[in-house]
Amino acid sequence: MEKLPQGIKAALIDMDGVLYDSMPFHARAWHQLFTELGVKSNPDEYYLYEGMTGADTIGMILKRELNQDTTLEERKEIYARKSDLFKDFGEKRLMPGAAEMLAALKSLGLSTVLVTGSAQGNLLDSVNIDYPGYFPKERMVTGNDVNKGKPHPEPYLRGLEKAGVKASQAIVVENAPLGVRAGKAAGCFTIAVTTGPIPREVFEKEGADLIFPDMISFARWLENI
Ligand code: CA
């Protein structure tokens, strides 16, 4: 059985698809948003962009599909519509196994930091109600805190700063290929949990150090090391 590297002190944890089973609702909201903007798409496509900031996703797709340039302000306005759609679709579902994972990390003595590209206020506010004590404000990196979203390493580099540890002392927990790429680019031991429709091979290609099929099996593994 694989092991965690020696000397790990912190876990940098993604939110959507890791703590919340929210990706199906995000995918639907993105699909609906771009349909409204006159862009045809497949809802599953959005799993591939997961981890990017909303503004980056909007800019990329409008450029690609409509050859349309947008200002950051315009992208933020469009993102507000996506956030509303997500709220309409999104009954909040906790990811099975996430609470057990956090408890196991804590009992291993690791501090926990939230690192998400999301700026979705309703979910961010929920984190400390649903997972109390794990993510105080000073240990949260959100889409509002970074200039460059995943797959750029900046979000995880900010997470390392907040944890006060070096890259070699932190693990990253991700469900998205671009998130795994960001974790690896930041120099962290990166664990992929494949909670969505994207096959395991994609995560292998991104260099994930360990891959689990769901959060429950990752939590069980942590409980047994
Ligand atoms: Ca995610």
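The values are calculated or read from the model by the stated rules, or taken from the named source; none is laboratory data. For clarity, every value in this text was computed on a predicted model and none was experimentally measured. For neighbour counting, all protein chains shown are included, and Cβ atoms are generated from backbone atoms with ideal geometry for every residue, glycine included. When the accessible area is computed, the model is the full protein with side chains, heavy atoms only, and any ligands, DNA or RNA have been set aside. Shrake-Rupley method; radii C 1.70, N 1.55, O 1.52, S 1.80 Å.
Which of the residues belonging to segment 172-223 are polar (S, T, N, Q) and free of Cβ contacts under 8 Å to residues at least 60 places away in the same chain?
Selection gives Thr190, Thr194.
Could you please find all residues in segment 107-122 being farther than 13 Å from Gly51 by Cα and open to solvent by 10 Å² or more (accessible area, probe 1.4 Å)? Correct list: Ser107, Leu108, Gly109, Leu110, Ser111, Gly121, Asn122.
Rundown of residues vs (1) buried (at least 20 other Cβ atoms within 10 Å of the Cβ); (2) within 14 Å of the ligand (Cβ to nearest atom); (3) outside any loop (DSSP other than H, G, I, E, B), yes/no style:
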site: Ile8; (1), (2), (3): no, no, no
site: Ala11; (1), (2), (3): yes, no, yes
site: Val18; (1), (2), (3): yes, yes, no
site: Phe25; (1), (2), (3): yes, yes, yes
site: His31; (1), (2), (3): no, no, yes
site: Phe34; (1), (2), (3): yes, no, yes
site: Lys40; (1), (2), (3): no, no, no
site: Glu45; (1), (2), (3): no, no, yes
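Only residues that are under 18 Å from Met101 (Cβ atoms), in contact with a Phe, Trp or Tyr (Cβ under 7 Å, 6 or more places away or on another chain) and not aliphatic (A, V, I, L, M) were counted across segment 118-137, and they come to 1.
Condition first: within 25 Å of Gln6 (Cα to Cα) and either among the basic types (Lys, Arg) or modelled with pLDDT under 95 (or both). Can you find one or more residues in segment 73-90 that meet it? Within segment 73-90, none of the residues are within 25 Å of Gln6 (Cα to Cα) and either among the basic types (Lys, Arg) or modelled with pLDDT under 95 (or both).
Does segment 85-95 include one or more residues that are more than 30 Å from Leu37 (Cα to Cα), open to solvent by less than 50 Å² (accessible area, probe 1.4 Å) and not aliphatic (A, V, I, L, M)?
no
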